[in-house]
Amino acid sequence: MKQLLYAKIFVIFFHAFIIIAGGHGYGIMGMLDVFFPVYFLSGELRFNYDTSLIPITIFSSVFGKILLLSSIFFKHTSKTQRRTIIGVVLLLVSYISTVLISEEDIRILSILSGIPFLLLLVQIFYLVFLSKTSE
């Protein structure tokens, strides 16, 4: 179970450092997780057609991380396993939409920065389903 705990912590950490396109520059996913809710609630954000996936990316990232964190702090039950699976799937949706909205030159950088996240994602699925079959 400690392997699963460490994998959850590291997947949150590595997901926060996925490189994304931000306006005329680069940024990391963790930066958007922190600043997006503030701008969204204040009503200062407007999205055009090209950036319409950004809210989906951020919401799935934030909720995925919240679900993973809640699965860390609650006792090991089937609900915890569901939280883990749903949280990881939401983070994967966030990663895929990040790659889709990235421009051509940044897309390779986004894919490469997401490799550790993807490897840990596979490990989490393996550990969750391994613990389900051993019960």
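The values are calculated or read from the model by the stated rules, or taken from the named source; none is laboratory data. Just so we're clear, the structure is a prediction, and the values are computed from it rather than from any experiment. Because the Cβ atoms are built from the backbone with ideal geometry, glycine has one as well, and the counts that use them run over all protein chains shown.
For beta carbons closer than 8 Å, sequence separation of 6+ or different chains, a first residue in region 114-133 that is touching a residue at least 40 places away in the same chain (Cβ under 8 Å) and a second that is not in a helix (DSSP H, G or I), the qualifying pairs are Gly114/Ile18; Phe117/Ile18; Ser131/Met1.
Within region 1-57, being modelled with pLDDT of 75 or more, of a type in the set (Phe, Trp, Tyr) and in a loop (DSSP other than H, G, I, E, B) holds for one residue alone: Phe17.
Close Cβ contacts (under 6 Å, 6 or more residues apart or on different chains) running from residues in region 13-28 that are within 16 Å of Val93 (Cβ to Cβ) to residues that are surrounded by fewer than 15 Cβ atoms within 10 Å (Cβ to Cβ) and modelled with pLDDT under 85 comprise Ile20/Gly27. Across region 1-11, the number of residues qualifying as among the β-branched types (Val, Ile, Thr) and either at positive phi or buried (at least 21 other Cβ atoms within 10 Å of the Cβ) (or both) comes to 1. Just one residue in the set Val128, Val99, Val62, Val89 is of a type in the set (A, V, I, L, M, F, W, C), surrounded by 14 or more Cβ atoms within 10 Å (Cβ to Cβ) and modelled with pLDDT of 95 or more; that residue is Val89.
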